[in-house]
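Here's the structure, in structure tokens; my notes come after.
Derivation of every value follows stated rules applied to the coordinates shown; laboratory data play no part. It should be emphasised that the depicted structure is a prediction, and the values quoted were computed from it without experimental measurement. Backbone-built Cβ (ideal geometry, glycine too); neighbour counts: all protein chains shown.
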Amino acid sequence: MSEQCHPRPSEALQAQREGKGTVEPLIRDLLEWIAREERSYADTMEAWRTSCPRLPVWEEANDRGLIARVVRNGHAMIELTGAGRAMITAPRMRA
């Protein structure tokens, strides 16, 4: 496979941060999904984790500080941070 089809993760992240990727709407989808109801870490990983460097939704949300892993009643849970809540309350950007 050529590097052009599968850029290194750092190149993919840079392109997405510059608005050239599709990760922004997917990050918002992840945050809205988490906000709808209490989510366990295991359920979140099953639904959102990927090894694809072109769609690092979970990793990017984590790196940006939009989500946090907390322990409640002995269970690992995922919740939005203040920055994550702010992102889902802001108007969606149109392409």
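Some values worked out for this structure:
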{"quantity": "Gained length - residue 86 relative to residue 33, 0.36 nm times residue gap less alpha-carbon distance", "calculated": "17.6 nm"}
{"quantity": "Peptides 25-34, 61-70, 38-47 ordered by average Cβ neighbours within 10 Å, highest first", "calculated": "25-34, 61-70, 38-47"}
{"quantity": "Nitroxide proxy distance, nm - points 7 Å out along Cα→Cβ at residue 68 and residue 40", "calculated": "2.2 nm"}
{"quantity": "Net charge contributed by nearby residues that have their C-beta within less than 14 Å of residue 39 (K/R +1, D/E -1)", "calculated": "-3"}
